[in-house]
Structure formats: C-alpha cells, structure tokens
Amino acid sequence: MRMHRKPHLDERLLACSDILTSPDLSDKNMKRAATVKDYLDIKKIFNNQNPVHLEIGCGKGKFALEMAKLHPDINFVALEKISNVIIEGCENLKKTDIKNVHFLNVRAEVLPKYFPEGCVERIYLNFSNPLPKQSYIKQRLTYPRFLKIYKSLLISGGEIWQKTDDRGFYEYSLQSYKEEGFTILSTCEDLKNEPFAGNVVTEHEQKFMDMGLPIYRIVVKV
Ligand SMILES: C[S@@+](CC[C@H](N)C(=O)[O-])C[C@H]1O[C@@H](n2cnc3c(N)ncnc32)[C@H](O)[C@@H]1O
C-alpha cells in the first residue's frame, strides 16, 4: 500500500536539519555514489567521541530514541531510506532534550559514503523487510553485499544485533553471516522465552508480540 506523502514534508525535513542528514544524491548508482566520500563529522554532530551505534531501517525512530535515553554514553545514528517515515522520528527527537541521536536519510547501500571504515561499534537490524521472494534477495539487508559493508564499518570485535519475526529471514540471515565469516554469538527463536535485560521493543516488535508471534534474535561479531 502506497503511503501518502506527509504535508509540507520538504519544509519539515529542512526544519530538522540540525539532527538529520538528508542528502540529495545526484548519482542514483549507489555503488558508485558510495565511492565519493562525504563522511559524517561524528565528533561535531555529537560533540564527543563516544562509541557509535548504527540502526539500519529505523522506521519512525522509536528504538533509537529509547536506546539513547537508556545509554547516554553511546551516540546513535538512525538510518532510514524513506523521508516520509524518518520525519516522525526527527520531529519526536526535537521534542526531547536527547542529544545522542542523529538521523540519516539514505539507503544502506550508500553507507560507506558517510562512514569511514572501522568506526561503528554496533549495528542494529530491527525487523528489516524479509523480502521472501527470490527476485528480491539482493535487497535483503543481510544479503552478502550488505554484510560486506557492515564488516567494513564495524570496529574489530564490533557486533550486529538483529531481531525479526520472520523465520525464513532468520534462517537466511544466519547462513549469510556464517558465509561472510561472522562469528555467531547467540541465537534465540522466541524472545518471550529468553528475554534479555535492556531489550527495547520496536514498533514492529510490539505489533508482532501483540499477535503472539515469536521474535527471533541473532547476535554476531565481526
Ligand atoms: C519493517 S520496517 C521496521 C522499522 C523499525 N525498525 C521497527 O522495527 O519498527 C523496515 C524499515 O527498513 C527500511 N529499509 C528497508 N531497506 C532499507 C535500505 N536499503 N536502506 C535503508 N532503510 C531501509 C524501510 O524503509 C522500513 O522503514
């Protein structure tokens, strides 16, 4: 279902430019665009040198905002490709006094343009679209080309924390991590049976929990 463009979206994005990097990429070839570097000035954005955690596909940003409140000593960068969606997170952030979240309105494919190698301590993949059709396999956020990007961004020993409601995507991702040489630190096939301290429930997670569906979780190390 197509989402209606929010009213005055461009003006609203502009009003958030202090907490949102929203580049207008002229090169639509993401692989090529990623080679022309335009690194985020993390030190300037956050005014500190704290570790960076990156959420990919943050949707409306609920997870990033809650995590930031719980972990003031971590800088959270929340990435989302759809401006119509990320705007909600940006506007919610501006209503708070949280200083350790920055939004990035780009596709994950182009991440190496904005981050140098080895600068992210942890990546979160929360309820990424499972894209079960074989024809969309290359768009899955745990497809090898994405894992290669994550590997280059993560510090040595950096981790990926993934949650999904989709068993097929869980199994595919596990296999993909193994093939790309990640170390599997833990897996869980139903979070309600193995809750972990500090779990922050995302918008999609809440929906699936309310439906009584199992939530799968994988933690891997680079
Ligand atoms: C199912 S939603 C989950 C949102 C949120 N993480 C949650 O758990 O509630 C997946 C989000 O990932 C975003 N997404 C999918 N592929 C992406 C990509 N290649 N780059 C950036 N964002 C992407 C989608 O636009 C969507 O907002």
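No value in this document is a laboratory result; all are computed from the given coordinates. This is a predicted model, so every value here is computed, not measured. Ideal geometry is used to build each Cβ from the backbone, glycine not excepted, and the neighbour counts take in all protein chains shown.
Listing for the model above:
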| item | result |
| --- | --- |
| Unpaired by the 4.7 Å Cβ criterion, cysteines found in the chain | Cys58, Cys119, Cys188 |
| All aspartates and glutamates inside 13 Å of Lys99 as judged from Cα atoms, apart from same-chain residues fewer than 8 positions distant | Asp18, Glu66, Asp73 |
| Modelled FRET efficiency - R0 25 Å, Asp210 with Met3, Cβ distances, 0.05 increments | 0.70 |
| Chymotrypsin sites (Phe, Trp or Tyr not before Pro), loop per DSSP, at most 16 other Cβ atoms within 10 Å - longest free stretch of the chain | 40-195 |
| Bridge type composition, the chain - antiparallel percent by DSSP, nearest 5 | 35 |
| DSSP-assigned coil residues among trypsin sites (Lys or Arg not before Pro) in segment 55-105, each with at most 11 further Cβ atoms within 10 Å | Lys95 |
| Inter-centroid distance (Cα atoms) of segment 169-187 relative to segment 88-157, Å | 17 |
| Listed residues Ser186, Leu213, Gly158: farthest to the positive end of the dipole of segment 27-221 (Cβ charges) | Gly158 |
| Potential lengthening between Leu14 and Ile137 on full extension [0.36 nm per residue; Cα-Cα distance subtracted] | 40.9 nm |
| Prolate/oblate/rounded label for the chain (Cα gyration tensor, a/c 1.5) | rounded |
| Amide H contacts under 5 Å for Lys6, placed H, 5+ residues apart | none |
| Theoretical ellipticity at 222 nm over the chain - DSSP helices of four or more residues, -39500 (n - 2.57) apiece, nearest 500 | -9000 deg cm²/dmol |
| Spin-label model distance (nm) - Leu185 vs Asn48, 7 Å beyond Cα toward Cβ | 2.1 |
| Karplus 3J(HN,Hα) series, Hz, for segment 202-216 with 6.51 cos²θ - 1.76 cosθ + 1.60 (x for Gly, Pro) | 8, 4, 5, 4, 4, 4, 6, 5, 4, 7, x, 7, x, 10, 9 |
